[in-house]
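Undergrad: For reference, the structure I am asking about is given below.
The values are calculated or read from the model by the stated rules, or taken from the named source; none is laboratory data. Predicted model only: the values in this text are computed from it and were never measured. Heads up, the Cβs are rebuilt from the backbone with ideal geometry, glycines too, and the neighbour counts pull from every protein chain shown.
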Amino acid sequence: MALGLVAAACATEATGAPATEADTTPATTAAPTTLPPTTAAPTTTLPATTTTEPPPVLFPLTGLPADNALLTLRPAVVAKVGNYDAHPTTGVNAADIVFEELINDHISRFALVYQSTFPEDPVGPIRSGRIQDVNLLSSLNAPILAWAGGNGTVTREIDDSELINLNQTHCAGSCFRVSFEKAPYNLYFDIQAAYDVGSQQGAGSPGPQFQFRADGDPVAGTPSAGVDLSIDAYDMGWTWNPDTGLYERTQNGKVHDERNGEQITTDNVVILAMVYAPGISNSPDAQSVGSGEVWVFSGGRMVHGTWSRTDRLHPFTLTADDGSPILLTPGRTFVELPRAGKDAITPK
């Protein structure tokens, strides 16, 4: 009886239920001779790993890729350079953007904008600025202005603007007189040195001034071999060269070469028809805030539309006649500023 009570207690502990008589009999069932089939573990397929290349870092003024991303952040240097047949320029083809603006005496003057590259050769001939430079250049975010200076009114306007005044009286060694020209055509600037000086005075990094076409995208517009235009007393021509992919410039009926004998070229020609208000000392004053007609020549084609700008700190907005944004070819851009309704513009 004692053994039976012990066995019952063990069964109760193991099963949680009272033991029965059958529970006290050892099991005699034989072990199976074959193992039950095993179910294979499900196979997990991981998604293929793809590597996405980050988009290239682009220079803001050309839309071209930069080998060194830090260079895209440096300030722009703008050199005011005279445009004379008798005094050839140095540095036009090295500029990211060139503005050709009307000044007094019915002649034009260049504002050469450098940011992606700084030319090794000195740039010139450096000449004076105009009040219109404040509105025209302020969208470059406090650029360094390498210029010969101006009258008291112009100088005060420059000093009161976002532009960094680096004129001949305080260029800190970045400007000098050359021996191959006579005054006032012998003032030149070292652009790298001008950057070194001006970047310590609060110059900022410029944002994009135009929208550029993505690599491989088709060129919009109608086929065009270029354009002839006038800016008061000057007649300019731009001809598309399909072999080089560049527009080549003539001036007053001749090939327009720089001092080194290289013809002036560009990737894009942008013509912004400007209203010129009377300025001080009989100097025209381009009204670059507002709106007007635009012609863009890029990739052997032409697009007509409207330019608009609501603030001098903002870049120009270029809109085609069909309402789409006008996209430029990545590279250098030459911006012509003829008189609206007066200077001739003849697409080829």
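Undergrad: Among (1) surrounded by 15 or more Cβ atoms within 10 Å (Cβ to Cβ); (2) in the same structural domain as Ala111 (by TED's automatic domain parsing); (3) not aromatic (Phe, Trp, Tyr), which single condition is Lys182 missing?
TA: (1)
Undergrad: While we're looking at this one, here's another question. Just to be sure I understand, how many residues within region 162-173 are assigned to a loop (DSSP other than H, G, I, E, B), in contact with a strand residue (DSSP E or B) (Cβ under 6 Å, 6 or more places away or on another chain) and within 20 Å of Pro119 (Cα to Cα)?
TA: Within region 162-173, residues that are assigned to a loop (DSSP other than H, G, I, E, B), in contact with a strand residue (DSSP E or B) (Cβ under 6 Å, 6 or more places away or on another chain) and within 20 Å of Pro119 (Cα to Cα) number 1.
Undergrad: Inspect all residues belonging to region 315-333 and state whether any of them is assigned to a loop (DSSP other than H, G, I, E, B), over 23 Å from Arg213 (Cα atoms) and within 20 Å of the chain's Cα centre (by Cα). Can you show your working first?
TA: Filtering region 315-333 down to residues assigned to a loop (DSSP other than H, G, I, E, B) leaves 315-316, 321-324, 326-327, 329-332.
If we keep only those that are over 23 Å from Arg213 (Cα atoms) too, we end up with none.
No, because not a single residue in region 315-333 is assigned to a loop (DSSP other than H, G, I, E, B), over 23 Å from Arg213 (Cα atoms) and within 20 Å of the chain's Cα centre (by Cα).
Undergrad: Could you tell me whether region 166-187 includes any residue that is in contact (Cβ under 8 Å) with a residue 60 or more places away in the chain and within 28 Å of the chain's Cα centre (by Cα)?
TA: Within region 166-187, not a single residue is in contact (Cβ under 8 Å) with a residue 60 or more places away in the chain and within 28 Å of the chain's Cα centre (by Cα).
Undergrad: Let me ask another. Between Asp133, Asp121, which is touching a Ser or Thr at 6+ places or on another chain (Cβ under 6 Å) and among the acidic types (Asp, Glu)?
TA: On inspection, the qualifying residue turns out to be Asp121.
Undergrad: Tally up the residues in region 318-330 that are surrounded by fewer than 17 Cβ atoms within 10 Å (Cβ to Cβ) and in contact (Cβ under 8 Å) with a residue 40 or more places away in the chain, please.
TA: Number of matching residues: 2.
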